[in-house]
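Readers should treat all values here as calculations from the given coordinates under stated rules, not as data from a laboratory. All values derive from a computational prediction rather than experimental measurement. Counting neighbours? That spans all protein chains shown, and the Cβs are built from the backbone with ideal geometry, glycine included.
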Amino acid sequence: MAPLTGLSLFLVAVGAIASPLQKRAIDGLNTRAVAAGKAYFGSATDNGELTDTAYAAGLNNTADFGQITPGNSMKWDSIEPSRGVFSYAKGDVIANLAKANGQKLRCHTLVWHSQLPSWVSNGNFDNATLIEIMTNHITNEVSHFKGQCYHWDVVNEALNEDGTFRESVFYKTVGPAYIPLAFAAAAAADPAAKLYYNDYNIESAGLKSTGAQNIVKLVQQYGAHIDGVGMQAHFIVGSTPSQAAQEANMKAFVDLGMEVAITELDIRATTPISDADVAKQVVDYGNTVRACKAVERCVGVTIWDWTDKYSWIPSVFSGQGSALPWDGDLKKKDAVYSAILSAWDSGTAPTTTPTRTSTAIATPTTTTVTKSPGCTATAAPKGTAMLWGQCGGMGWAGPTVCVCGATCKKYNDWYSQCV
Ligand code: 9MR
């Protein structure tokens, strides 16, 4: 080996110091997603969490997060808690944070049966009035955030598990047309935002995914604009759909002219998570990110917050959690994190990046845990709520007993769900 000169010794020394530092400075979940041809890797967040300075520092790290989604502060109950009274302070905090960090903003969500104030769900409005109320809400909110929302989740969770329409107040009063009407109002208020339909359990082929494809067709048939479909991806360790199943499903939406995104990814386990489940979770995260990587029109992946400290899972699914790539002490889970990093490196990068083509709040109800009696039926008897259906909450007039085998769990004062 040739002797080291003064210059080469200097270069070796600089290289030894500079390379790892440079790598740490630029490498991350978002950096790799962008290198893979995607628009972002991102995280949901919420206003209360931002006072946690260690948390905020993690969220502000754009090497990991190039996009954020407000978990609650752009929902109807937060924005228009009483009719015609709009309150943007909390939503603005998240939008301004995204702007300050140079992160994309997925705005979430305009029309949803949950976190809907009782003045809407319980107002007994006629068809024309509810359309006017919905359109006014959308126009006002989308105009307020105009130019700031990379995506808007225009309609959220409009489907039952069997792909039929959820009996929300919007569906019951207006019929399926509320969906294209909502998209048309959003498009008119911010023509540059990409407009999404967003739902869970549509990540692999099945009745509900077919229902979501029918929603895309419905919006298109009405001549309204829709850009994409969000796969929420609230998965369970070991029963996450395979990469192939997720890819094939995404392609079905792409064939309808849609772009797609993974919008609320988390993969929950029974806690404390076992080593065997960690191994499965690593595979599940890898499969999901690889599926997005492989489908050119999958634009990005968002996890539903980045640390178990602020995950919604344990409060809704008791005894479950550990669903995110960082633990409750904000410590990175190396195996999960690395699985996502290397998933972005897998296969071949897509060649092009997709572009757009075209209060008075009443006293809360208390929902107790209700097991359906006589667990023998396989279908939901009349008057019982389906698995994943709403079964309680302020202003809720529907069934409060779940289909056989499911349990009515209270999320918050506004929403209980059969799980
Ligand atoms: O993360 C949100 C949580 O803080 C709220 O309590 C909950 C109430 O419904 O909503 C959570 O976010 C939901 C999202 O808006 C839509 N998909 C399901 C998410 C998890 O419940």
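What to note about this one:
- Note on Glu132 and Ala276: their simple-model spin labels are 6.1 nm apart, each label 7 Å out from Cα toward Cβ.
- Rg(Cα) / (2.2 N^0.38 Å) computed for region 27-129, rounded to two decimals: 1.29
- Cα-Cα over 23 Å, subset of Lys75/Lys172; Lys38/Lys280; Lys38/Lys75; Lys194/Lys251: Lys38/Lys280; Lys38/Lys75
- Ranked from largest, the principal axis spans of the Cα set of region 200-340 equal 49, 29, 24 Å.
- Centre separation in Å (Cα based) which lies between region 37-78 and region 147-217: 23
- Low-density loop cleavage sites - trypsin sites (Lys or Arg not before Pro) in region 67-165, where at most 16 other Cβ are within 10 Å (DSSP): Arg83, Lys146
- Derived scalar couplings between HN and Hα for region 240-246 equal 6, x, 5, 4, 4, 5, 5 Hz in order, rounded to whole Hz, by the Karplus curve 6.51 cos²θ - 1.76 cosθ + 1.60 (θ = phi - 60°), x for Gly and Pro.
- Directionally averaged projected area (convex hull, Cα atoms, region 97-140), nm²: 4.0
- Region 35-85: translational diffusion in µm²/s, Stokes-Einstein, Kirkwood Rh over Cα pairs, 25 °C, 0.890 mPa s: 193
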